[in-house]
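The values are calculated or read from the model by the stated rules, or taken from the named source; none is laboratory data. As the structure is a computational prediction, the values presented were derived from the model and not from experiment. Positions of Cβ are backbone-derived with ideal geometry, glycine not excepted, and every protein chain shown enters the neighbour counts. Accessible surface areas use protein heavy atoms only, side chains included; no ligands, DNA or RNA. Shrake-Rupley method; radii C 1.70, N 1.55, O 1.52, S 1.80 Å.
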Amino acid sequence: MDEKALSGRLPERDRPWVMRTYAGHSSAAATNALFRRNLAKGQTGLSVAFDLPTQTGYDPDHELAAGEVGRVGVPVAHLGDMRALFDGLPLAEMNTSMTINAPAMWLLALYGTVGLEQDAELARCAGTTQNDIIKEYLSRGTYIFPPAASLRLTADVVAYTLREMPRWNPVNICSYHLQEAGATPVQEVGFALATAVAVLDAVRDSGQVPAERMGDVVQRISFFVNAGVRFVEEIAKMRAFGVLWDEITRDRYGVTEAKQRRFRYGVQVNSLGLTEAQPENNIQRIVLEMLGVTMSRDARARAVQLPAWNEALGLPRPWDQQWSLRMQQVLAYESDLLEYPDLFAGSHVMTALVDEIVTGARVELDKVLELGGVVAAVETGYLKSALVTSLAERRRRIESGADVVVGVNRFAETEPSPLTGAGAEAVEQVDPAVEAAAAEGVRRWRADRDGAAVDAALARLRADAATTTNLMPATLECVRAGVTTGEWAGALRQVFGEYRAPTGLAGATGTGGDPGLADVRERVTATARELGSGRLRLLVGKPGLDGHSNGAEQIAVRARDAGFEVVYQGIRLTAGQIVAAAVEEDVDLVGLSVLSGSHLAAVPAVLDGLRAAGRADLPVVVGGIIPAGDADTLRAAGVARVFTPKDFALTSIIDDLVTVIRRANDLP
């Protein structure tokens, strides 16, 4: 008998998964250079990060884009930017993932147009548009339109790609961000599958796809998942996903071919679990999380992108991304992982764990469907409240020490790290001139195009949006006419309106038995009495386009539990809106949360606004991913406290907020 058969090895070694790094910053030209370097190092696919103005449908010269251009991704404002982004890269031969949601149709139209300019056949172009708008209302916050209109755009993209780009994944259902927002494995699976059902129902009900082709739709639906450090549980979660996806697509949509029902997913392992304290520990976290989505052959990721060790500190450098790519390559090419069949087949431990997750996720899915589906569960605030509550419980376990985070709440003693000894040089720095150049570039682009063609294209887009017509043809006309990202989104805003998702605070429950909370509550009550007010009032503000609100919401929940009256209006506010709310609500403290790197622009704008409103006396604190040098700058500008991810004890933070209020009011 063959030696490999005797040893249990596969006859042939498996091909590795697609290896990506999530990349994009500054400008299209700079990102193109980064793509070329990464591909030369052995990366086998591209994963494009777009900046927040692009993700939320604004041009670089819009008021809300201030401080955000090129920060967390590459700005793409028009066809010229997309040409520069992929200059010299053959799109017909690439596998490109684009993390874009609300404007996914727009970015796909730009991408396809550049492909045609390269003489690439659209039918050969392979890749993915993330295009999962539901999780944007729950976690990332880069939504634009109401849920129903957003699902219409997704369905239109699915129908278009089925006809024109059959190798393209038109939507990538994202449980990744649900886990970041607090979801347990059971909630992550149940809520993500509820989203998938909403997308497939929207496609089926749109009348654009014949019933006999639903199998073709299903096999192009992919998922994007999160893998935490509890890698055994993550393996079981992925196997559970596959079980339920097979069941849903067979029973609800009548897909008979097993190949079409296969659960297909890509992964980025858990950035939320990376720590600012002792960041070198993030390396082993990333490796363990990678194993959670690669060890099980029957539930192995199709594509993997790993964060860098220093993402809790700021924007990773090319060398940091290279380190993460090399982790994948060592596992795929040096280890023997790909030589064996599934390692967990027949394991009673794994089977029991999978069954437990399947059972729980089925209950969560049924609950959402009973509410009327995932859109109704978003609009009522049910899903957001469930996630905020779960995240509060997770934070409670960390603060109590029940869940250990090495270097944070245990084993905090450390030697100085040579990795961070260079200070701010340990992360990529975005040149402030990038924003001015992008703003000037989009103004030149507008000046040089045919205005009549632009007006006609936008008029067609608005007219089609008012009907049930597929919007991809009108969007492609906009691309060719030279319409900008902000103009495309603006035209649809006029038809669909904008949306503000529920914050989830009203239905969220707090931590319960935190022994330190009673003392803080007494300080809150005493301070309010000394100030002659009924309750202390805290305004939690999210300036700019940063939609990652998990931390802000947890502060709001804990402050409310401590006796504060909390004013929280959600994400995406201008400095003027925050100042107006602070004055109108007569708050005692303003807390700003900025995780996008725009703090040096967003925070001074609020401080200036308060001074102009005659409230220079109102204390301001800031939380976010803020390097030490930037924290010094903010304090010098008048910020009372700066909190970063290393400040994990929420009750202590709330206690510190009381101290800030007392000092601002000359109380002992």
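For the stretch 376-392, 3J(HN,Hα) computed residue by residue from phi via the Karplus equation (6.51, -1.76, 1.60; θ = phi - 60°) reads 5, 5, 6, 5, 7, x, 4, 5, 5, 5, 4, 6, 4, 5, 5, 5, 4 Hz, glycine and proline entered as x.
Here's how it looks for Thr128: its modeled amide H is under 5 Å from those of Thr96, Ser97, Met98, Asn169, which are all 5 or more places away or on a different chain.
Over the chain, what is the mean sequence separation of C-alpha contacts under 8 Å (at least six apart), divided by residue count, expressed as relative contact order in percent?
Details: 1235 pairs, mean separation 105.6, N = 668.
Once normalised by length, the contact order is 16 percent.
With θ taken as phi - 60° and the Karplus curve 6.51 cos²θ - 1.76 cosθ + 1.60 applied, the whole-hertz 3J(HN,Hα) list for the stretch 561-578 is 5, 7, x, 5, 8, 9, 9, 9, 9, x, 8, 6, 10, 7, 4, x, 5, 5 Hz, x standing for glycine and proline. Measuring spread by the Cα atoms of the chain yields a radius of gyration and Dmax of 24.7, 88 Å.
Computed with a 1.4 Å probe over protein heavy atoms only, the accessible surface of the stretch 193-279 comes to 36 Å² per residue. The slack in the chain from Arg611 to Arg410, taken as 0.36 nm per residue of separation less the alpha-carbon distance, amounts to 68.1 nm. Modelled this way, with points 7 Å down the Cα-to-C-beta line, the labels at Asp336 and Arg167 are 3.5 nm from one another. Pairs from the table (Lys259/Lys367; Lys237/Lys259; Lys259/Lys384; Lys41/Lys646; Lys135/Lys542) lying more than 26 angstrom apart at Cα are Lys259/Lys367; Lys259/Lys384; Lys41/Lys646.
Taking a probe of 1.4 Å, how large is the accessible area per residue of the stretch 51-104, in Å²?
On the way: 1290 Å² over 54 residues.
I get 24 Å² per residue for the stretch 51-104.
First compute the accessible area of the stretch 339-400 with a 1.4 Å probe, then give the percent of it belonging to carbon and sulfur atoms. Percent of accessible area from carbon and sulfur atoms in the stretch 339-400: 56. In this structure the amide hydrogen of Val18, modeled in the peptide plane, comes within under 5 Å of the amide hydrogens of Ala303, Val304, none closer than 5 places in sequence on its chain. Annotation: amide H of Phe50 within the under-5 Å range of Val74, Thr99, sequence separation 5 or more or interchain, hydrogens built in the peptide plane. Each residue of the stretch 460-466 was assigned a 3J(HN,Hα) from its phi angle through the Karplus curve 6.51 cos²θ - 1.76 cosθ + 1.60 (θ = phi - 60°); the sequence is 5, 4, 5, 5, 5, 5, 7 Hz, with glycine and proline shown as x. Packing around the peptides 28-38, 87-97, 308-318, taken as the average count of other Cβ atoms within 10 Å per residue, puts them in this order, highest first: 308-318, 28-38, 87-97. If the label point is 7 Å along Cα→Cβ of Arg250, which residues in the stretch 263-301 have backbone nitrogen under 14 Å from it? Only 263 fall inside the zone, counting backbone N under 14 Å. The calculated FRET efficiency for the pair Leu343 and Arg394, based on their C-beta separation and a Förster distance of 25 Å, comes to about 0.30.
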